[in-house]
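Inspection log for the structure reproduced underneath, given as structure tokens.
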Amino acid sequence: MARVIENKFPIDTNARKAVGFGFPLDGDAVFIPTYQTSDQIKANLVNYLLTNRGERVFNPNFGADLRALLFENILDQTTEELKDRIQDDISLYFPLVEVKNIQFDNVPDTNTINFTLTYAIVNFGINDTLNILLQ
């Protein structure tokens, strides 16, 4: 019977090879390389959250539509529907990520939204939080 002894991606063992690139795109050579799988998963989540639906070629359902919230009336029902959709999409597009909590802190007077995503990377034991301020 086979069993998993250690869940570590072999690409993480060599610190000189980048796994991907992160955000923002303002590094010395435009791209900021990421060397750990957990850092790349976080960059991929940021990419998903800041992409509007219909913006991705050949994948029009990809994206969280967070920026579209700024131009709508911010209601509890709207944020609850968005929470459910984001949780479903993350489980579809990021099978290694388990969503722990999604929170919206709305400030309607200044038209800003502070989005907080708390997640865990399955089988790695890594918990992380992602904060995005939309204004």
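Any read-out appearing in this document is the output of simple, stated calculations on the displayed coordinates, not a laboratory observation. Source: prediction; values computed, not measured. Cβ coordinates were reconstructed from backbone atoms using ideal geometry, including for glycine residues, and neighbour counts include every protein chain displayed.
Key figures for this structure:
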{"item": "GluC sites (Glu not before Pro) restricted to segment 48-106 and DSSP loop, no more than 12 other C-beta within 10 Å", "result": "72"}
{"item": "Computed Rg/Rh of segment 11-134, alpha carbon atoms with Kirkwood Rh", "result": "0.99"}
{"item": "Gain on full stretching of the segment that runs from residue 110 to residue 132 - 0.36 nm per residue minus C-alpha separation", "result": "6.4 nm"}
{"item": "Estimated FRET transfer efficiency (residue 17, residue 38; beta-carbon r; R0 22 Å; 0.05)", "result": "0.90"}
{"item": "Likely footprinting exposure, 31, 94, fewest C-beta neighbours within 10 Å first", "result": "31, 94"}
